[in-house]
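Q: Sharing a structure here in structure tokens format.
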Amino acid sequence: MSILVVFVLVAVLGVLIGTAFALVRTRSRHDATLLEPLTDMRGVPTEVKEDVARHVAQLEGEAEEEAAEVDVELAAAVDEAMAPPAEAPVRPKFRDRLGKARSTLSGYLISIGARGRIDAETWDELEEALIRADVGMEPTIELLDALRARVKAEGLTESSELLDALKDELKSRLAGYDRTLHLADVAPSVWLFVGVNGVGKTTTIGKLGKRETAEGRSVVMAAGDTFRAAAAEQLGMWAERCGADFVRGAEGGDPSSVIFDAVERAAARGSDLVLADTAGRLHTKVNLMEELRKVRRVAEKGAGSVSEVLLVLDATTGQNGLVQAKQFTEAVELTGVVLTKLDGSAKGGIVVAIQSQLGIPVKLVGLGETADDLVVFDPDEFVDALFS
């Protein structure tokens, strides 16, 4: 083969390679303009032309394979983007989680319903049922007085009618409260959590943080419980899990300064919400309650505004929870109550006692261990669950 032919072959192959790259980039495999350099091959030996044709076919095949791979990847990306979102967690039902609380009342309600006519023993049995369910003495007396008036006004005679009237009265007394968790007009909002040791404050904050970040809010968690190192570690784990910022101080340090720093960080970073933990304290200790008042004041001094002060109560504590609520209300002006462990051995009547005696709404209740088991309190569903 002459030098001229070799030279022509090299030149043609160079053109082919450049053309192939252009074909891949543009995916215009049949663009005639890209193949113009190949049309003028006069004087080129037949064997060279055949060799060129083979190379062209090979390169076109490779280009088609690469284009097909791109098509598959693009289709997969589109399918993923258009796929329906994962199913939302199923909200737990009060009826399914209040079996223990319902069992406290069920024996009495069955006995009362079986009496037929309303008599003196019916009222005695109903009073005992309400007291045993942790409604409390004063709210129980108020309920019975309201029911006696209704029985007289409506001419009720059957015990089943009395139980229906009790359900309506309970729903009426629990209705009419604002159970919204409020945000301040100007961010960051501060939600302060208070309560005695062991009621679940830190876990409640973690669960709420998960919910708020899932709804698109930016959250800062403040480990204001500086007296229990495990509390800060636990809150830090929740913050990492739900993508929240986290502020803690030195062990045994001033909890007010930790919360102040968290509010300032939230303001500097444009965060929406600060969830502030506080040390568990006995409601009977005056000095500790004074410290809590200081925490409340300091949280307001910076760029944030305290829009919620939530008392976390263990629902299984019964009437002792009402005593705690009274003391904490005097110290920090509570805006609402979170009742944890309502699915446990709680009798349920504490809900009625808190709202009847203090006028503080139960805003959230814990019906299980997972983050999705912390739900907004629904009074109608709650009462229905106790009776059925």
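Q: Can you tell me which residue in region 222-273 is farthest from the chain's Cα centre (by Cα), limited to those that are surrounded by fewer than 16 Cβ atoms within 10 Å (Cβ to Cβ) and either among the aliphatic types (A, V, I, L, M) or not assigned by TED's automatic domain parsing to the domain that holds T204 (or both)?
A: Taking the candidates together, the pick is A250.
Q: On to the next question. Based on this model, can you work out whether S160 counts as at pLDDT 95 or above, surrounded by fewer than 20 Cβ atoms within 10 Å (Cβ to Cβ), over 24 Å from V332 (Cα atoms) and not basic (K, R)?
A: no
Q: In region 106-140, how many residues are aliphatic (A, V, I, L, M), at pLDDT below 90 and part of a loop (DSSP other than H, G, I, E, B)?
A: Adding up the residues that qualify gives 3.
The values are calculated or read from the model by the stated rules, or taken from the named source; none is laboratory data. Computed from a prediction, not measured in an experiment: that's the story for all the values here. Don't worry about glycine lacking a Cβ; one is built from the backbone with ideal geometry, like all the others, and counts go over all protein chains shown.
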